[in-house]
1. Pairs needed: first member in region 314-326, closer than 17 Å to F358 by Cβ and near the ligand (Cβ under 8 Å from one of its atoms); second member anywhere, open to solvent by less than 10 Å² (accessible area, probe 1.4 Å) and among the aromatic types (F, W, Y); C-beta distance under 8 Å; at least 6 residues apart or different chains.
2. Within region 402-429, restricting attention to residues that are more than 26 Å from Y303 (Cα to Cα) and either open to solvent by less than 20 Å² (accessible area, probe 1.4 Å) or without any contact (Cβ under 8 Å) to a residue 24 or more places away in the chain (or both), which residue is nearest to the ligand (Cβ to nearest atom)?
3. Do we have any residue at all in region 417-428 that's of a type in the set (K, R), outside any strand (DSSP E or B) and touching a Cys at 6+ places or on another chain (Cβ under 9 Å)?
4. Can you find even one residue in region 285-294 that is modelled with pLDDT of 95 or more and within 13 Å of the ligand (Cβ to nearest atom)?
5. Residues in region 247-270: is at least one open to solvent by 10 Å² or more (accessible area, probe 1.4 Å), more than 16 Å from the ligand (Cβ to nearest atom) and not hydroxyl-bearing (S, T, Y)?
6. All but one of (1) under 22 Å from the mean Cα position of the chain (by Cα); (2) more than 24 Å from L440 (Cβ to Cβ) hold for M58; which doesn't?
7. Please note which helices (runs of 4 or more DSSP H) are completely contained in region 1-120 and include at least 2 residues that are crowded, with 20+ Cβ neighbours inside 10 Å.
Amino acid sequence: MLPNNKPWIWFEELSKTYDAPLITIWIGRNPTVWINDAWAASELFEKRAGIYSSRPRMLVFAELGAGQDNLVNMYTTRPEERDRWRVHRKLMHQGVGIQSVRRYRQFQNNESRVVAYDLLKAPDDYVKHFERYATSVVSIIAFGRRVENWNDPIITEVIAVMHLAADLNVPGKTFPMLMETFPFLAKFPNEIAPWKYGLGKRRGAHFFHALADEAVKKEGHEDSFVHHLFSEGPKYSLREAEISSLTGNLFGAGSDTSSSTLITFILACCAFPETLGPAWEELDRVVGPHRSPTWEDEEKLPYIKAFVKEVFRWRSVAIIGGQPHAPTQDDYYKGWLIPKGTWIQGNVWAIHHNEREFPDPDRFNPNRFLPGHPDSRPFPGERGYMTFGWGRRVCSGQALAEQGTWITVARILWGFNIQKKKRPDGTTVDVDIFNYTNGLNMRPQPFECSIVPRSEEIRQTIEREGKQALEELEQYRGETKYRMSTFYARNDVAMKLYGSDEKETP
Ligand code: HEM
């Protein structure tokens, strides 16, 4: 029986015990392969991307959850599936691809300045500031509307749904994942099937379409992602559910992941204070106290670049590489048969934890990413980490997430001393670098810390830039009348727009 808690650690141990990069576990009659080694992952998912870019059948996450027609779940086995997946990838690329995200730098920078300003005012609420920031950035991209407040339901409700989804979808968990082995269990109506956890209602599906529809009907911000989707819609015969999932993915895939990464960054600073000195030395030399870092400084800040890479490596949020891949035909790896359609999962925990590539892997050590440094080791690919997945299925939002994490980490390092919390009696509140949640997107369990500006000059700069950022962001102020929690209530506007669609998927 698979462990219910953090199975990625169990697979890492098995892989070491048997000295095998791939471990196969049979769940019922279905083989599930876990790749525990960077070179094997690169060989299969990247070099053989032509074969390994589909998804397996995922009853819980896809069919009962986000939908089979959602980009993250789409098959690429048959030509018509591949064509549709390409359309979705293309649209996402136009929205958040490497070229597009440069256009978002100004408001992303401003939202990150607001984070620094918020940290001045309420440092203990750092988790909320990060969630607001990450959600606001994708909301401006999607709808041209920012999220001003951390208790806006678009944050609280969407992040809660994502935590539930991430929590329920850990392979090996007895329920609801037992349905993957015994699909007939999914056929019972929810009322008499507690193991379904209410799955199958496709709740997000129309909600995001309604938000999109509302946003395109408003004046201004005609360059938003939903305007683009609506104008391209007829060309690709996009259905409402597709517009909804493409928009919803910005939130579902982009807000919890980005904010969890920043929480990990704070934990690393508390646990490894020796890494802060070199960061401050570099930032003080290149940037100084009278302005905060900008992207133009990036090349002059090699240690900060390495620091951000180490944040992505040390405790990668998508700890089992997001969704599994599946080969579109039978394939062999070192003599082992991997049958068509096999559930094949990249174990990012094991990959980023391998002593061969990352000696003393639990130590947060940016030096690993400084070119030519004795602590750096060969790793497949130029980035040096596999946090965003692989090959043709690599994260669509990678450029946005990397760009945003860099500016926010650089700014917070420049502005603040981040330390373990001191109690009034002078003792220190310890932090636990292993105390993470158990979902397939993981984040540190809540911990206390101290975040204080490094000097009075810096404090003034943060305040000045924060106020200026809020003025510049004023153009994105706006409200929505929709709430996910009430959207499907009887007589709600959704009922009129879409009819009663509380039907469970068969
Ligand atoms: C730190 C932040 C993020 C991390 C660590 C992350 C990680 C991942 C991973 C591991 C995958 C699966 C890749 C694979 O199957 O090989 C993925 C897929 C995806 N991500 Fe992200 N992601 C992040 C942020 C974002 C953002 C900001 C967006 C959108 C704005 C986004 C949109 C997507 C989409 C649409 C997919 C599915 C791609 C497909 O199946 O073809 N992600 N992400």
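1. Going by the 8 Å Cβ cut-off, the qualifying pairs are G321/W390.
2. Per the criteria, the residue is V429.
3. Yes, there is a match, as at least one residue in region 417-428 is of a type in the set (K, R), outside any strand (DSSP E or B) and touching a Cys at 6+ places or on another chain (Cβ under 9 Å).
4. no
5. So far as region 247-270 goes, no, none of its residues is open to solvent by 10 Å² or more (accessible area, probe 1.4 Å), more than 16 Å from the ligand (Cβ to nearest atom) and not hydroxyl-bearing (S, T, Y).
6. Unmet for M58, out of (1) under 22 Å from the mean Cα position of the chain (by Cα); (2) more than 24 Å from L440 (Cβ to Cβ): (2).
7. Helices (runs of 4 or more DSSP H) meeting the threshold: 7-17, 38-41, 79-96.
Per-residue answers, yes or no, for (1) out of contact with any Leu (no Cβ under 7 Å at 6 or more places or on another chain); (2) within 11 Å of the ligand (Cβ to nearest atom); (3) modelled with pLDDT of 95 or more; (4) not small (G, A, S):
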site	(1), (2), (3), (4)
N365	yes, no, yes, yes
F369	yes, no, yes, yes
H373	yes, no, yes, yes
Y385	yes, yes, yes, yes
G389	yes, yes, yes, no
Y436	yes, no, yes, yes
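The values are calculated or read from the model by the stated rules, or taken from the named source; none is laboratory data. Computed from a predicted structure; not experimentally measured. Note: ideal-geometry Cβ built from the backbone for every residue, glycine included; neighbour counts use all protein chains shown. Please note that ligands, DNA and RNA were not included when accessible areas were found on the heavy atoms of the full protein model with its side chains. Shrake-Rupley method; radii C 1.70, N 1.55, O 1.52, S 1.80 Å.
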